[in-house]
Amino acid sequence: MSDIIGITMGDPAGVGPEISIKALAEMSAEDRARTLIYGNLATLEAAKAAVGADVDLAGRVVNIDYEGAPLPWGKLSPVAGDAAFKFIEKAVRDAEADKIGCIVTAPINKEALNAAGHHYDGHTGMLRSLTGSKAAYMLLASDRLKVIHVSTHVSLQEAIRRSTTERVLATIRAGNAHLKRIGIAAPRIAVAGINPHCGENGLFGTEDDDQIAPAVKLAQAEGIDAKGPISADTVFHRAYNGAFDLVVAQYHDQGHIPIKLVAFDDAVNVSVELPIDRTSVDHGTAFDIAGKGLANHGNMLSAIAYARKLVSGGAK
């Protein structure tokens, strides 16, 4: 397995180029030699000037040109959306060929992506499509709280429909396997309920009893240390204080709100169950500050550190 990290610089008009440059500049010479940026050289040079970084990009950029580069900072455009897609597509193909061991993605803009004709709900859906994967799960990881999602970028109504026994069980399995891979021998997994107080024995809905509880029992029968459903208003607090290694969240906001509350600047977005490895920052393109050299690259450093852990850990 390659030990090279491939950073995709994200939407060229956002903060992705800046945080990529800042991260590269902070690396040791050894780590820099094991890092590539998939992006546009002219844009990265403009980002260098914006942040005042003194870092040599020679041999560190997989350059992909597009019309008008560098584009104006902070301006949504289909050209930027198409470029962001092409960076990711090239990185995926190189990861599949083992030229790089893990992709680290800077933020993309979903509106720009779709305006360019690439109709995905975000990175995870795009990566699933590009790799031909049947499933991929979004796991948000921080030191004290890790959350994996049964569904992500869908309406709340659709999310409830997707919390089937089969899908919840598959999510538990995916989270269990990933935690074992990063060195947790016997992961303790909590499964959040979908209704207030897990439905209060049907008073507030029967989904927890009919769909989620059976998935937990099936996981336990496979030897997985899973518990639940547990009321979502307490389970994240318990996990944060050490009771569980991972929480299975039933939908996007249920998992994202607690992790962003306690680890906004360092939570890492990890794609689980893809045939390639991918980590990401857990923030957006921040068009309002793009090009001003203000973007905090701490989240990018965390995503890179997690990627290094994955490429040093062996098989997927």
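Descriptive notes on the structure:
- Meets criteria (touching a helix residue (DSSP H, G or I) at 6+ places or on another chain (Cβ under 7 Å), crowded, with 16+ Cβ neighbours inside 10 Å and more than 21 Å from HIS297 (Cβ to Cβ)) for ILE88: no
- Residue check for HIS256: open to solvent by 20 Å² or more (accessible area, probe 1.4 Å), in contact (Cβ under 8 Å) with a residue 40 or more places away in the chain, closer than 24 Å to VAL15 by Cβ and touching an Asp or Glu at 6+ places or on another chain (Cβ under 9 Å): no
- Close pairs from segment 295-316: first on the phi > 0 side of the Ramachandran plot, partner at pLDDT below 95, Cβ under 9 Å, at least 6 apart: GLY314/MET1; GLY314/ARG181
- Scanning segment 141-196 for residues that are open to solvent by less than 10 Å² (accessible area, probe 1.4 Å), within 12 Å of GLN250 (Cβ to Cβ) and out of contact with any strand residue (DSSP E or B) (no Cβ under 6 Å at 6 or more places or on another chain) turns up VAL150, SER151, ALA159, SER163, VAL168.
- Among (1) open to solvent by 30 Å² or more (accessible area, probe 1.4 Å); (2) more than 16 Å from VAL104 (Cα to Cα); (3) not in a helix (DSSP H, G or I) - the single one LYS48 does not satisfy: (3)
- Listed conditions (1) more than 20 Å from THR285 (Cα to Cα); (2) open to solvent by 10 Å² or more (accessible area, probe 1.4 Å) are all met by ALA42, apart from (1).
So that you can scan it fast, the table gives a plain yes or no per residue for (1) surrounded by fewer than 23 Cβ atoms within 10 Å (Cβ to Cβ); (2) part of a helix (DSSP H, G or I); (3) free of Cβ contacts under 8 Å to residues at least 40 places away in the same chain; (4) not aliphatic (A, V, I, L, M):
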position	(1), (2), (3), (4)
ASP208	no, yes, yes, yes
LYS227	yes, no, yes, yes
HIS237	yes, yes, yes, yes
PHE244	no, no, no, yes
LEU261	yes, yes, yes, no
ILE276	yes, no, no, no
PHE287	yes, no, no, yes
GLY293	yes, no, no, yes
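- Applying the criterion of being touching a residue at least 40 places away in the same chain (Cβ under 8 Å) and among the hydroxyl-bearing types (Ser, Thr, Tyr) to the residues of segment 1-34, the residue that is nearest to SER312 (Cα to Cα) is SER2.
The values are calculated or read from the model by the stated rules, or taken from the named source; none is laboratory data. Nothing here was measured: the structure is a model prediction, and the numbers come from that model. Neighbour counts run over all protein chains shown; Cβ positions are idealised from the backbone, glycine included. All accessible areas refer to the heavy atoms of the entire protein, side chains included, with ligands and DNA or RNA removed. Shrake-Rupley method; radii C 1.70, N 1.55, O 1.52, S 1.80 Å.
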